[in-house]
């Protein structure tokens, strides 16, 4: 008779499985971005990406339903929301945003941060991706408005909330575009300094 697995013994297995999935997803995106850079976004096929990442094409589609998702997909929205809401209520809105962003960037390994810059380079260099990025930016703006409203006890649809979120997002977008053009830029420092100019802004 096989011994029964205790609940606390099963948890590490689940954790290992999730970490393996995360590594597979990261490897696929890393190879995709590399190939897009080397041979062009349009010329690169899902089959080529799958071969480079040593997975089946179906595995690529499991993690990235569309080719564009290989560039746009990231896992930062939920951590950002959770970390922002955990900031002290005594902080001004922009102080909370800056602390959240600094903490997130500190936790991102250098190689992953470099990958994010490569994604921005692709977005601004490929017309198809730049056009598609507008929808992605709109979703990010919605998430930001919701989180700002939650901290302020306001409605996400309030004009002041949306204007505030738009100003913050605009600064983040501008710094990201500059970062794509300048690989020597310290993205974390540049973004923090730029957001400081919004210190007196309130939703």
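Computed quantities for the displayed model
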quantity	calculated
Residues within the stretch 109-134 that are under 13 Å from residue 183 (Cα atoms) and in contact with a helix residue (DSSP H, G or I) (Cβ under 8 Å, 6 or more places away or on another chain), tallied	7
Residues that are in contact (Cβ under 8 Å) with a residue 60 or more places away in the chain, under 20 Å from residue 185 (Cβ atoms) and surrounded by fewer than 19 Cβ atoms within 10 Å (Cβ to Cβ), drawn from the stretch 89-114	102, 105, 106, 112, 113
Checking residue 42 against (1) in a helix (DSSP H, G or I); (2) outside the structural domain of residue 132 (by TED's automatic domain parsing), the condition it does not meet	(1)
The one condition in (1) at pLDDT 90 or above; (2) surrounded by 14 or more Cβ atoms within 10 Å (Cβ to Cβ); (3) more than 13 Å from residue 94 (Cα to Cα) that residue 133 fails to fulfil	(1)
Meets criteria (within 18 Å of the chain's Cα centre (by Cα), in a helix (DSSP H, G or I), at pLDDT below 90 and within 19 Å of residue 74 (Cβ to Cβ)) for residue 119	no
Given (1) surrounded by fewer than 12 Cβ atoms within 10 Å (Cβ to Cβ); (2) touching a helix residue (DSSP H, G or I) at 6+ places or on another chain (Cβ under 8 Å); (3) under 26 Å from residue 165 (Cα atoms), index of the condition residue 47 fails	(3)
Residue under evaluation residue 177, criteria (1) assigned to a helix (DSSP H, G or I); (2) surrounded by 16 or more Cβ atoms within 10 Å (Cβ to Cβ), criterion not met	(2)
Residue in the stretch 53-65 that is loosely packed, with under 13 Cβ neighbours inside 10 Å and closer than 20 Å to residue 123 by Cα present	yes
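The values are calculated or read from the model by the stated rules, or taken from the named source; none is laboratory data. Fair warning: this is a prediction, and the values are worked out from it, not measured in the lab. Here the Cβ is made from the backbone with ideal geometry for all residues, glycine too, and neighbour counts use every protein chain on show.
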